[in-house]
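Data first, discussion second: the structure below is written as structure tokens.
The values are calculated or read from the model by the stated rules, or taken from the named source; none is laboratory data. Just so it is clear, the structure is predicted and the values come from calculations on it, not from any experiment. Reconstructed Cβ throughout: ideal geometry from the backbone, glycine too, with neighbour counts over all protein chains shown.
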Amino acid sequence: MLWCAQISPNNPKLERIEALLLESSVLVCGEETAHHYGEIKNKLRIIGRPLPENDIWIAAIAIQYNLTLVTRDAHFQEIENLQTVVW
């Protein structure tokens, strides 16, 4: 989960947000992720099946960390080596 908004210390939801963060794992998006992204994007380009950029990043992170992606978006089926569950 990515948090990038500034939160006021007076925000009544701050406690709930902090509790959620304590229960969450942070996955690093770095050089290895970019490598997976490039491979996925190139393979999709070759077969003529472009996907939205953000979805390629999501797939790259899932592949990097060997995670199963739970989604209703059928276009993720186009990505090789991506484990998905339709929900």
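Cβ-Cβ contacts under 9 Å between residues 6 or more apart (or on different chains), taken from a first residue in region 8-35 that is over 20 Å from ALA62 (Cα atoms) to a second residue that is in a helix (DSSP H, G or I), are listed as SER8/LEU14; ASN11/ILE17.
Does GLY48 satisfy the condition of being in a loop (DSSP other than H, G, I, E, B) and of a type outside the set (A, V, I, L, M)? Here the answer is yes, as GLY48 does meet what is asked. Selection of first residues in region 62-87 that are closer than 14 Å to PRO52 by Cα and of second residues that are assigned to a strand (DSSP E or B), restricted to Cβ pairs under 7 Å at least 6 apart or on distinct chains, gives the following pairs, ordered by first then second residue: PHE76/LEU69; PHE76/THR84; GLN77/THR84. If a residue has to be aliphatic (A, V, I, L, M), within 23 Å of VAL86 (Cα to Cα) and assigned to a loop (DSSP other than H, G, I, E, B) to count, how many in region 23-45 make the cut? The qualifying residues number 1.
Taken together, ILE7, ILE17 contain a single residue that is modelled with pLDDT under 90 and surrounded by 12 or more Cβ atoms within 10 Å (Cβ to Cβ), which is ILE17. Can you confirm whether region 67-77 contains a residue that is part of a helix (DSSP H, G or I) and buried (at least 17 other Cβ atoms within 10 Å of the Cβ)? Yes. Of the numbered criteria (1) touching a helix residue (DSSP H, G or I) at 6+ places or on another chain (Cβ under 7 Å); (2) of a type in the set (Val, Ile, Thr); (3) assigned to a loop (DSSP other than H, G, I, E, B), the one THR84 fails is (3).
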